[in-house]
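Okay, structure first, notes after.
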Amino acid sequence: MKIVIVGLGVIGGSFGMALKEAGYEEVFGLDRSQETLNKALAMGIIRKGSCRGEELLPQADLTILAIYPQDVKRFILENRDLFKPGSLITDVTGVKTPLVEALDHLLPADVDFVPGHPMAGREKKGIDFASAQVFKGANYLVTPIPGNKEENIRKITDLALSLGFKRVRRITPADHDEMIAFTSQLPHALAVALINSDQPDRETGQFIGDSYRDLTRIANINGELWSELFLENRQALLTAIENFDLELEKIRQALLREDKETLMACFKESSRRREALDVQ
């Protein structure tokens with residue numbers, strides 16, 4: 001199977017490394033940066049690289065779009081006539097509903113687009129920070145759309161498992177976006193708000209422990225990508241933020257009232273829910 005990875009940044013590069021590790025030999029790369037392509041070739045994670053779709057897409061059995069959401073739409077629009085008939089396309093973007101709506105009727109009828117989302121990533125960007133290990137034991141989401149062939153959904157599922165993902169979950173694009181707003185985008189919003197709420201000129205770094213370090217790790221954020229993700233999924237994220245505000249307000253009011261019982265109830269419930277996550 002000939003595989004073309006579009007976008008050899010941290011995620012695309014990690015896919016290349018994981019594919020190589022899993023024994024896939026015909027892996028090729030498309031990227032706007034010749035420097036990035038040269039690095040990928042030197043690292044041995046692609047057999048050939050190009051900045052031009054016409055050089056690789058017509059031979060690709062599988063195309064992995066490891067680029068930003070808006071870039072996915074532009075790339076398919078610009079290259080729709082280059083995809084190999086009968087081939088398969090998947091992506092890695094963190095918001096699905098706007099994407100599948102934009103692509104409706106855009107692709108040729110004989111090309112199957114099966115959306116996917118690896119629940120793994122790194123705070124840094126660029127191929128220098130790529131790693132196959134980031135996928136090991138992680139979750140992978142497949143969000144099929146009407147018209148997808150079952151055999152192609154299975155191909156993406158099997159591919160993810162072969163790369164080291166522990167669990168592949170099939171979910172609708174809408175349900176995906178609602179869950180990701182809560183499990184991924186809300187934590188990033190909280191990390192950004194927490195670290196930005198610090199008092200200026202305070203020597204915070206000399207006083208932090210594991211709790212602050214863990215909570216703010218993802219505040220070192222790729223602003224270009226995450227601003228796209230937030231805005232593409234803004235309604236679901238706004239709902240998640242509103243629900244969080246309600247819980248934080250419970251704690252604030254308990255502090256104002258010096259209400260230890262309410263605080264204890266909040267802590268007991270959070271402990272129960274967190275422990276339940278570990279047994280799923």
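We did not get these values from a lab; they are worked out from the coordinates using the rules stated. Treat the numbers as computed from the prediction; the structure is a model and nothing was measured. As a convention, Cβ positions derive from the backbone with ideal geometry for all residues, glycine included, and neighbour counts pool all protein chains shown.
Taking a point 7 angstrom from the Cα of C51 along the C-beta vector, which residues in segment 1-41 have backbone N less than 14 Å away? The answer is 30-39. Restricting segment 130-167 to trypsin sites (Lys or Arg not before Pro) that sit in a DSSP loop and have at most 14 other Cβ atoms within 10 Å of their own Cβ leaves K136, K149, K166.
Summarising the label geometry, the points placed 7 Å from Cα in the beta-carbon direction at R169 and Q59 lie 3.9 nm from one another.
For the pair M43 and E150, label points projected 7 Å from Cα toward Cβ lie 3.8 nm apart. Counted residue by residue at 0.36 nm each, then reduced by the alpha carbon distance between them, the extension gain from R257 to R234 reaches 4.9 nm. For segment 176-277, what class follows from the C-alpha gyration tensor (a ≥ b ≥ c being the square roots of its eigenvalues): rounded when a/c is under 1.5, otherwise prolate if a/b is larger than b/c, else oblate? Verdict is oblate for segment 176-277. The alpha carbon convex hull volume per residue for segment 1-159 rounds to 103 Å³.
With K and R counted +1 and D and E -1, the other residues having a Cβ less than 14 Å from that of M43 yield a net charge of 0.
Computed from backbone phi with θ = phi - 60° and the Karplus coefficients 6.51, -1.76 and 1.60, the 3J(HN,Hα) list for segment 42-54 is 5, 7, x, 8, 9, 7, 7, x, 7, 9, 10, x, 5 Hz; x is used for glycine and proline. Under the classification rounded if a/c is under 1.5, otherwise prolate if a/b is larger than b/c and oblate if not, where does segment 114-196 fall, given a ≥ b ≥ c as square roots of the Cα gyration tensor eigenvalues? Oblate shape, in that a/c is at least 1.5 and b/c is the bigger or equal ratio.
Per-residue ellipticity at 222 nm computed for the chain from its helices equals -14500 deg cm²/dmol, with DSSP H segments shorter than 4 residues left out and the rest contributing -39,500 (n - 2.57). Could you give the distance between the Cα centres of segment 208-267 and segment 39-54, to the whole Å? Comparing the Cα centres of segment 208-267 and segment 39-54, I get a distance of 41 Å. Label separation (F207 vs S270): 1.9 nm, computed from points 7 Å beyond Cα along the C-beta direction. Under a 5 Å amide H cut-off, with hydrogens placed 1.01 Å from N, G49 pairs with G29 among residues at least 5 apart or on other chains.
Between amide H atoms placed 1.01 Å from N, distances below 5 Å from I89 occur with T63, D112, F113, V114, all of them 5 or more places distant or on a separate chain. If the segment from D71 to R217 were pulled out straight at 0.36 nm per residue, it would be longer than the present Cα-Cα gap by 49.9 nm.
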